Amino acid sequence: MKKLYLIGGTMGVGKSAVCEILNEELPNSVYLDGDWCWSANPFVVNEETKAMVHDNIAHILNNFINCPVYENIVFCWVMHEQFIIDKILKSLCTDGCQVVNISLICDEGSLIRRLEKDIKSGKRTADIIARSVARIPLYEKLDTIKIDTSGKTAEALANEIISLTGERRVKYGVRL
């Protein structure tokens, strides 16, 4: 059975790092970061662009779901409100597909340390800290499996997610 992993979490919680490992470790997998569907300059958030991004995400995910080559579809995005998750799921054809809906969470101190590291390396700007910290409590309200990333490596988190589904891992193209 196909598996669709929806991995949400606030900025800096570790979504991309975990999903990159999941994509390497899961057999016949594909990975989509929702931000790739919205990489624009200038970055404009309005009703028109939100609708476009949702349509892009739904289209790509449905193509992955319908492609017989892929068994595991990994998707990550900042899904901090239940209506975002519900809207994505309503637009997908998930018949015969197990949906694994996960929110990565962490404590405020861990999140700030990660974001400060990203700011120092030039990956993010300083305004990200307040915006990301403000979203921490929103994830507790979601109908998702919560996984705390505080003090854990991306590899350990990917293993934790894989163990939730009983999926067999792939290492260097060979199932383990």
* Asked: Ignoring ligands, DNA and RNA, what accessible area per residue does the chain give at 1.4 Å, in Å²?
  -> 53 Å²
* Take the alpha carbon atoms of the range 21-174, find their radius of gyration, then divide it by 2.2 N^0.38 Å using N residues; give the quotient. => 1.10
* Could you calculate the contour length gain from R135 to V44, that is, 0.36 nm times the residue separation minus the distance between their Cα atoms, to one decimal place in nm? => 30.7 nm
* To do: Would you mind pulling out the separation of the Cα centroids of the range 128-171 and the range 58-113, in Å?
  => 12 Å
* **the chain - charge dipole about Cα centre, Lys and Arg +1 at Cβ, Asp and Glu -1, debye rounded to 20** => 340 debye
* Please state the Cα pair-distance histogram of the range 1-63 with 10 angstrom bins from zero: what percent is in each bin? -> 18, 46, 31, 6, 0
* Can you give me the relative contact order of the range 22-98 as a percent, contacts being Cα pairs under 8 Å and 6 or more apart? -> 44 percent
* Asked: Counting only DSSP beta bridges with both residues in the chain, what percent are antiparallel, rounded to the nearest 5?
  -> 10 percent
* **Peptide ranges 157-163, 11-17, 124-130 listed from the most packed, as the mean C-beta count within 10 angstrom indicates** => 11-17, 157-163, 124-130
* Asked: Given the Cα-Cα distance of K146 and T165 and 0.36 nm per residue of separation, how much length would full extension add, in nm?
  -> 5.4 nm
* Structure fact -> The percentage of the accessible area of the chain (probe 1.4 Å, all protein chains present) made up of carbon and sulfur atoms, to the nearest whole number, is 53 percent
* Structure fact -> In deg cm²/dmol, rounded to the nearest 500, the helical mean residue ellipticity at 222 nm of the chain, built from -39500 (n - 2.57) for every DSSP H run of length 4 or more, is -13000 deg cm²/dmol
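The values are calculated or read from the model by the stated rules, or taken from the named source; none is laboratory data. Keep in mind that this is a model prediction, so the values were computed, not measured. Note: ideal-geometry Cβ built from the backbone for every residue, glycine included; neighbour counts use all protein chains shown. These accessible areas exclude ligands, DNA and RNA; they are computed on the full protein's heavy atoms, side chains included. Shrake-Rupley method; radii C 1.70, N 1.55, O 1.52, S 1.80 Å.
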